[in-house]
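Working notes for the structure below.
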Amino acid sequence: MLNEILNLAAKVVGASTDTSNLQTILYAVLNSVMGLGSIICIIFIAVAGVRLSKATEEEDMANAKKHIKNAIIGLCICVLALVVGNAVIATAHT
């Protein structure tokens, strides 16, 4: 079913319907988007770490720790989405 959807999408935009070409494009898009998301999460972790080291009040420290925790969760989601997406693309090709 995924191959049919991809072929239909390729016909709409005028791209090649060669499955290996679509697979390559999907891998590139997925890796780029998840890579960008991971970089953003790492930047958030770094900024929150600086805020944590500069914090003088308990509320600021708790807030910075919460931001670090949320950024780590976001990073885990990006990695998991990359793994699942690559698995789906690989099985859709076969």
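FYI, it's all coordinate maths here, none of it is from the lab. Just so it is clear, the structure is predicted and the values come from calculations on it, not from any experiment. Cβ atoms come from the backbone with ideal geometry, glycine included; neighbour counts cover every protein chain shown.
Using θ = phi - 60° and the Karplus curve 6.51 cos²θ - 1.76 cosθ + 1.60, what whole-Hz ³J(HN,Hα) does each residue of region 39-50 get, with Gly and Pro shown as x?
Each residue of region 39-50 in turn: 5, 4, 4, 5, 5, 4, 4, 5, 5, 5, x, 5 Hz.
Using the Cβ atoms and a cut-off under 12 Å, what net charge is assigned to the surroundings of D60, where Lys and Arg are +1 and Asp and Glu are -1?
Result for the neighbourhood of D60: +1.
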